[in-house]
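J.: One structure follows; several queries about it will come next.
The values are calculated or read from the model by the stated rules, or taken from the named source; none is laboratory data. Fair warning: this is a prediction, and the values are worked out from it, not measured in the lab. As a convention, Cβ positions derive from the backbone with ideal geometry for all residues, glycine included, and neighbour counts pool all protein chains shown.
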Ligand SMILES: NC(=O)c1ccc[n+]([C@@H]2O[C@H](COP(=O)([O-])OP(=O)(O)OC[C@H]3O[C@@H](n4cnc5c(N)ncnc54)[C@H](OP(=O)(O)O)[C@@H]3O)[C@@H](O)[C@H]2O)c1
């Protein structure tokens, strides 16, 4: 029986590729979104062969403000039952020196595209029998992040928006779950210029483990999930600590050897 489709942004690597694998294993038809179409096509071929599902690849730059509306229209006949807003990237640097255009793209991808897709698909799901939305934030959502200020702020936005919309949609058949991974072994650190960050000296989860926790929480309709017991404990402590102390800790973690 056709279960509907799962649209996953940022499916070309890391956590998104693992989430796509879980959707395929559950029998959802896939709609895979990212810029690197070669990666999407390879993943689509692998998952189609392994799980017998159909897979469409939509190469798309979510930094384009028109991209969310275009994706919504391109999938109007697809019965999207799962939307996973996972695409995102980080930028490192002192806030007075980082490039504004790069930060504007970060806001567009991490925040605005996610917010727009959530709005469009939640409304369609609500009028067509329900659905599940998973928004990927970060443990960065809990603290201010010196030297990655815009990235941390973008994830705080994702967390707040997702929890509010989840609450609004209670009882409608549409759930919104926000997933907060801690440090995870993906291409994220290379893309963000964080190869020498102290963040990489601590424990890291695999993308598969993070995706599994997020996927299960989404199916259960939970509003929020922090991936990994260690991260859950660490985020509990952020509720008591002064924000200035949290900023000092994050500054150390985000800084390279030279900072
Ligand atoms: N890794 C971590 O430690 C960590 C921790 C907390 C939260 N997260 C969050 O987890 C999510 C997934 O990241 P990841 O760790 O799996 O990193 P990743 O391997 O670098 O994956 C990022 C994904 O986002 C896509 N993407 C980036 N810019 C895009 C754009 N302009 N348009 C469309 N797609 C774009 C990339 O695809 P293309 O390059 O092909 O476009 C890629 O598929 C992100 O939201 C990230 O902020 C990661």
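J.: Among the residues of the range 21-60, what is the count of those that are surrounded by 24 or more Cβ atoms within 10 Å (Cβ to Cβ) and in contact (Cβ under 8 Å) with a residue 60 or more places away in the chain?
T.: Number of matching residues: 1.
J.: Considering only the range 9-93, give the helices (runs of 4 or more DSSP H) lying wholly within it that have at least 1 residues that are in contact with a helix residue (DSSP H, G or I) (Cβ under 8 Å, 6 or more places away or on another chain) and at positive phi.
T.: Passing ranges, in order: 14-25.
J.: Of all the residues that make up the range 185-222, how many are modelled with pLDDT under 90, within 11 Å of the ligand (Cβ to nearest atom) and out of contact with any helix residue (DSSP H, G or I) (no Cβ under 9 Å at 6 or more places or on another chain)?
T.: Residues in the range 185-222 being modelled with pLDDT under 90, within 11 Å of the ligand (Cβ to nearest atom) and out of contact with any helix residue (DSSP H, G or I) (no Cβ under 9 Å at 6 or more places or on another chain): 2 in total.
J.: Could you list, in sequence order, all residues of the range 145-184 that are within 15 Å of the ligand (Cβ to nearest atom) and assigned to a loop (DSSP other than H, G, I, E, B)? First the steps, then the outcome.
T.: In the first step, residues of the range 145-184 are kept if they are within 15 Å of the ligand (Cβ to nearest atom); the result is 145, 148-159, 161-162, 177-184.
Passing the criteria: 145, 148, 181, 182, 183.
J.: Name the residues in the range 167-196 that are under 21 Å from residue 126 (Cα atoms) and without any contact (Cβ under 8 Å) to a residue 40 or more places away in the chain, would you?
T.: Within the range 167-196, 168, 170, 171 qualify.
J.: A further question on this structure: Determine, yes or no, whether residue 127 is loosely packed, with under 14 Cβ neighbours inside 10 Å, under 25 Å from residue 93 (Cα atoms) and modelled with pLDDT of 95 or more.
T.: no
J.: Every residue in the range 203-219 that is free of Cβ contacts under 8 Å to residues at least 24 places away in the same chain and exposed (fewer than 15 other Cβ atoms within 10 Å of the Cβ), please.
T.: 206, 216
J.: Considering each residue of the range 20-37, count those that are more than 9 Å from the ligand (Cβ to nearest atom) and out of contact with any strand residue (DSSP E or B) (no Cβ under 7 Å at 6 or more places or on another chain), and give that number.
T.: 5
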